[in-house]
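Working notes, structure below.
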Amino acid sequence: MRKILAIFSFLLILLSSTLSAEKKESEGVKERSWKELFTEPVETIYFIMEDGVGFRHSNQDERIIYVSVEELKKSLKTPERAYQIKDIAIVIHNHFVKSKFSDSDRIQYRTLKKQGFTGRFLLYCRRTKEVYDIEKER
């Protein structure tokens with residue numbers, strides 16, 4: 001009986017620490033002030049690398065943002081380092097009104113995944129001032 005109780009206690013501790021880590025991670029997304037990045041009246045996308053270096057792209061349109069994989073690969077090469085899509089930790093872009101990912105957002109996400117992207121794909125909505133994660137939408 002003691003052995004079962006010890007195993008049960010261990011599992012509870014393991015479960016609570018896992019849930020706590022997940023909660024801190026999801027709170028971290030909301031705690032960070034993403035609105036500072038989205039001050040212009042156009043859609044913008046940021047690619048934030050694992051080491052914290054960021055790349056910004058905007059085609060100056062207020063309704064849509066698009067970056068081809070080839071264009072992204074070129075822009076990730078700097079004099080200091082040749083980043084790859086697999087090095088991207090966060091992709092975040094903005095919508096002004098809609099707090100849901102568009103069909104083109106989902107296509108872009110799947111395209112990046114095929115290229116080795118394993119990071120987080122986020123959306124900041126200016127209307128709600130909230131950040132949404134495409135993985136949490138499913």
For the list (1) touching a helix residue (DSSP H, G or I) at 6+ places or on another chain (Cβ under 7 Å); (2) part of a helix (DSSP H, G or I); (3) loosely packed, with under 14 Cβ neighbours inside 10 Å, I need the number of the one condition that GLY116 fails. (2)
Residues (part of a loop (DSSP other than H, G, I, E, B) and surrounded by 13 or more Cβ atoms within 10 Å (Cβ to Cβ)) located in the range 119-138: GLY119, ARG126, ILE134
Find all pairs meeting these conditions: Cβ atoms under 6 angstrom apart; at least six residues apart or on different chains; first residue within the range 117-128 and touching a residue at least 24 places away in the same chain (Cβ under 8 Å); second residue of a type outside the set (Phe, Trp, Tyr) and assigned to a loop (DSSP other than H, G, I, E, B). PHE121/ILE134; CYS125/SER99; ARG127/VAL97; THR128/SER99
Looking at the range 84-97, is at least one residue touching a residue at least 12 places away in the same chain (Cβ under 8 Å), exposed (fewer than 11 other Cβ atoms within 10 Å of the Cβ) and not polar (S, T, N, Q)? yes
What tally of residues in the range 43-66 results from selecting those that are under 13 Å from the mean Cα position of the chain (by Cα) and either at pLDDT below 90 or not assigned by TED's automatic domain parsing to the domain that holds ASP87 (or both)? 0
Looking at GLU40, is it at pLDDT below 85 and either charged (D, E, K, R) or crowded, with 16+ Cβ neighbours inside 10 Å (or both)? no
In the range 76-99, anything polar (S, T, N, Q), more than 19 Å from LYS113 (Cβ to Cβ) and at pLDDT 90 or above is listed as ASN94, SER99
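The values are calculated or read from the model by the stated rules, or taken from the named source; none is laboratory data. Keep in mind that what you see is a predicted model, and the values were worked out from it rather than measured. All Cβ positions, even for glycine, are placed from backbone atoms using ideal geometry, and neighbour counts span all protein chains on display.
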